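Visitor: Could you have a look at this structure, given as structure tokens, before my questions?
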Amino acid sequence: MKIRTPRAPAKAEVVFLVDVDNTLLDNDRVEADLKRHLKRELGTAGQRRYWAVFERLRSELGYADYLGALQRCRGREPSDPRLLTVSRFLIDYPFARRLYPGALRALKMLRRRGPTVILSDGDVVFQPHKIRRSGIAKAASERVLIYVHKECALKDVARRYPARRYMIIDDKLRILAAVKKKWGRRVTTVFVRQGHYARDAKTLKAYPPADISIGRIGELGGSGRPF
């Protein structure tokens, strides 16, 4: 029996790496909806307790884990049935309604120019669920990568999607600066000025500007796209 060695992926001219939260999808609005639901179901004290647990867990893990925080809350109050309503809220949430205008059109435009990959941070349950339920995974031809810290996983990204050049599109200057530092001229960074991170004056001063800056993701899918 002859064993075939798997072929390495063909090297593309350019691969587009696109973030999810506050780049393609308005995660600030998702969180606002969750806060209202928590207050309605758990009361003000319960809502505050959830977010305190959420922030502690994010500090431990390095990414947002909404369901993990809920599970920890349940560990403290295992008989509270109201927590189940929060779980259903998260799982059944209509993420497609929170896509930024033109988000899927932008992915379609990028796909015409080269392989387009969703590059996100997050847990292994809720984040892929969100990406699939929103329609983002389908729009990116199911090319989805999710890491704990994506800026630390660039070697794996390049192995899976080799290319001569990369373009990374994100709402966080911190991420863009880290990728630029590692890949240099090999990557073009695109800063999307959406969401609370992109509007934080302290953060904007802390990192160098991206190669390209746009006001909204929909600009990539329009006739006035910047590249």
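Coordinate-derived values only; no laboratory data. This is a predicted model, so every value here is computed, not measured. Methodologically, a virtual Cβ is constructed for each residue, glycine included, from the backbone with ideal geometry; neighbour enumeration extends over all protein chains shown.
Visitor: Between Arg48 and Arg111, what length comes free when the chain is fully extended (0.36 nm per residue of separation minus the Cα-Cα distance, one decimal in nm)?
Guide: 18.5 nm
Visitor: Turning to a different aspect of this structure: Over 20 Å, how big is the tail of the calculated P(r) for segment 35-114, in percent of all Cα pairs?
Guide: Percentage above 20 Å: 46.
Visitor: What is the ratio of the Cα radius of gyration of segment 82-200 to 2.2 N^0.38 Å, where N is its residue count, to two decimals?
Guide: 1.13
Visitor: I would also like to ask the following. Return Asp80, Asp123 ranked ascending by Cβ neighbour count within 10 Å, so the fewest neighbours appear first.
Guide: Ordered from fewest to most neighbouring Cβ atoms within 10 Å, Asp80, Asp123 come out as Asp80, Asp123.
Visitor: Return the Rg/Rh value of the chain, two decimal places, where both radii are evaluated on C-alpha atoms and Rh is the Kirkwood radius.
Guide: 1.01
Visitor: Moving on. Using only DSSP helix segments of four residues or longer, with each worth -39500 (n - 2.57), what per-residue ellipticity at 222 nm results for the chain after dividing by its residue count and rounding to 500?
Guide: Calculated mean residue ellipticity at 222 nm is -14500 deg cm²/dmol.
Visitor: Distance cut-off 26 Å, Cα to Cα: go down the list Lys138/Lys205; Lys138/Lys182; Lys182/Lys205; Lys11/Lys155; Lys39/Lys130 and report the pairs above it.
Guide: Check vs 26 Å cut-off fails for Lys138/Lys205; Lys138/Lys182.
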